[in-house]
Amino acid sequence: MFTVLGGPQARQDYNGEPDTEAYPHRFKGLKSMIDLAFQGPVDLLRSEHLERRGVLLEYPWTQSLFLEVDWSNLYTFSDTLKKLDVRLGQVLNAVGCPYACKPQTVTLPPPFTLRERGVPEMEVRSEGCIFCDVSRDKGYHGTVERDKVVAQVAGLPDIDGKKIPFEFIDEYPIRSLGNLLEDTERRGIKLSQINLVCRVDDINGHVSELEDALSLAQRQAVSIMFSSIGFESFCDRLLQFFSKGITLADTVTCVETLRRLKDRFGAHLLYRRNEGANHGFIHPTPWDDPDTAREMDTNIFLYRLSDDILPEYSTPLIIHHASYLGDWIRRIESATDITFGRDGTWIEWWHPSFK
């Protein structure tokens, strides 16, 4: 058996956290379990790389990626080999997230449960959302050429004469959406549904372009699904701690826009929970207190977010050891007698220990 570790966090997960000798509870990495760690685009992996063991290979992220996929050649296997019936595809439009290019500094208070133990406030620098280890690792490298995007769509499997639904991978997809619909129509490619995972500020900043794209989708009998929008919180203070770059007012504007467009475009615009969407809502967090709880409950009620936006379950704040919040936790450990549990690559901010 030969085990390869890939993905945007391969380097960090292979090497583990810093100063593990002084802090033996920290994640020590996967060196003892992995034959080869490969950091960067997987299309650069070659057969000769598999002849090497116990190494980390690093390649830069670029726009020049190999994007041809043979969707008919995907199999799962356990006891027997079984061809995978692909019902949802992916089309890459952007490499990384533009928001990851935005440096910022936020002052974080200690976790609420540790405020009486002398943990100081700390300034934490981030690029992009403070919890996102992928944006820190990958950054942003621009959009894919339009002809390569269309080629990806053309290669998707067909069901009933239309391409299977696919996720359009781009944190800021609105301005490219109309181009995609025009380009595929020109090529005679029939679409069924395009799924978008995007930020609030992309919707708010490009309402006119979104309306134009939805008009095209309506004419072509295509559904546009906002499968996940990064709202993350409905409390301004927590949004600031997340370095999200949005406010509650921005969220309200976004929701009102979606509701208005839903009335106009009907089934060609999908964004509601009961339509399959699962929007970002991070809770609990280290900074939850009675004031944040009161503010969130009030806003959820006032803006009827339970009607269409609020997911069935929230997602606890996950601190990956290589994120900016991972740096914050290690600074607390260095400045105090407090340590936090580890569960693999996660830091358990809810599980402090005291020397």
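The values are calculated or read from the model by the stated rules, or taken from the named source; none is laboratory data. Note that the structure is a prediction, hence the values are computed from the model and not measured. Counting neighbours? That spans all protein chains shown, and the Cβs are built from the backbone with ideal geometry, glycine included. The protein model used for the area step is the full one, side chains on, heavy atoms only, and it has no ligands, DNA or RNA in it. Shrake-Rupley method; radii C 1.70, N 1.55, O 1.52, S 1.80 Å.
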Legend entry - Cut-off 15 Å (backbone N to label point 7 Å along Cα→Cβ of R117), residues of the range 1-36: none
Legend entry - Nearest-20 debye value, the chain charge dipole, Cβ charges on Lys, Arg, Asp, Glu: 380 debye
Legend entry - Solvent-accessible surface (1.4 angstrom probe) belonging to F354, in square angstrom, nearest 10: 90 Å²
Legend entry - In Å², nearest 10: area of Y172 left accessible to a 1.4 Å probe: 50 Å²
Inset, instruction - Taking all protein chains together and a probe of 1.4 Å, list E51, E209 from the most accessible to the least accessible. - result: E51, E209
Legend entry - Inter-probe distance in nm under a simple model that places probes 7 Å from Cα toward Cβ, at R175 and K83: 4.2 nm
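Please work out the Cα convex hull volume for the range 71-216 and give it in Å³ per residue.
With only Cα atoms used, the range 71-216 gives 179 Å³ per residue.
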Inset, instruction - May I ask you to rank D133, D236 by accessible area, largest first, using a 1.4 Å probe over the protein chains only? - result: D236, D133
Legend entry - Charge context of Q39, other residues only, Cβ under 11 angstrom, K/R +1, D/E -1: -1
Inset, instruction - Set the Förster radius R0 to 30 Å, insert the Cβ-Cβ distance between M33 and D291 as r into 1/(1 + (r/R0)^6), and round the FRET efficiency to 0.05. - result: 0.10
Inset, instruction - With r as the distance between the Cβ atoms of T62 and V106 and R0 = 25 Å, compute the FRET efficiency 1/(1 + (r/R0)^6) and round to 0.05. - result: 0.25
Inset, instruction - Count charges around V222 for me, please; just the other residues with Cβ under 11 Å from its Cβ, Lys/Arg as +1, Asp/Glu as -1. - result: +3
Legend entry - Efficiency of FRET between R125 and N278 - r from beta-carbon atoms, R0 35 angstrom, step 0.05: 0.70
Inset, instruction - Please grab the % of Cα pairs in the chain that end up more than 30 Å from each other. - result: 46 percent
Legend entry - Rg ratio (alpha-carbon, reference 2.2 N^0.38 Å) - the range 300-344: 1.77
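Please compute the contact order of the chain in relative form: average sequence separation of alpha-carbon pairs under 8 Å and at least six residues apart, divided by the residue count, as a percent.
It rounds to 15 percent for the chain.
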Legend entry - Given K28/K102; K148/K190; K102/K262; K102/K244, the pairs whose alpha carbons are separated by over 20 Å: K28/K102; K102/K262
Inset, instruction - Can you tell me the dipole magnitude for the range 262-355 around its Cα centre, using point charges on the Cβ only (Lys, Arg +1; Asp, Glu -1), in Debye to the nearest 20? - result: 260 debye
Inset, instruction - Take the Cα of A267, step 7 Å along the line toward its Cβ, and report every residue of the range 218-241 whose backbone nitrogen sits under 20 Å from that point. - result: 218-227
Inset, instruction - Run the numbers on the range 1-81 and let me know its relative contact order in percent, using alpha-carbon pairs under 8 Å that are six or more apart. - result: 28 percent
Inset, instruction - Provide the gained length on full extension for the span H25 to A221, in nm with one decimal, where the gain is 0.36 nm per separating residue minus the Cα-Cα distance. - result: 65.0 nm
Inset, instruction - Arrange the residues I169, I203 by how much accessible surface each exposes, largest first, with a 1.4 angstrom probe. - result: I169, I203
Legend entry - Placed amide H near R342: partners under 5 Å, 5+ positions off or other chain: E348
Inset, instruction - About the Cα centre of the range 5-82, how large is the charge dipole given +1 on each Lys and Arg Cβ and -1 on each Asp and Glu Cβ? Please answer in debye to the nearest 20. - result: 160 debye
Inset, instruction - Just the number, please: Stokes-Einstein D of the range 29-73 in µm²/s, Kirkwood Rh from C-alpha pairs, 10 °C, 1.306 mPa s. - result: 129 µm²/s
Inset, instruction - Using a Gaussian network model of the chain whose springs link C-alpha atoms within less than 10 Å, name the residue from V153, V42, V69 with the highest mean-square fluctuation. - result: V69
Inset, instruction - Could you pull the accessible area for T105 with a 1.4 Å probe, rounded to 10 Å²? - result: 90 Å²
Inset, instruction - List the residues of the range 194-234 whose backbone N lies under 16 Å from a point placed 7 Å from the Cα of L302 along the Cα-to-Cβ direction. - result: 233-234
Inset, instruction - Might you tell me the accessible area per residue for the chain, computed with a 1.4 Å probe and given in Å²? - result: 50 Å²
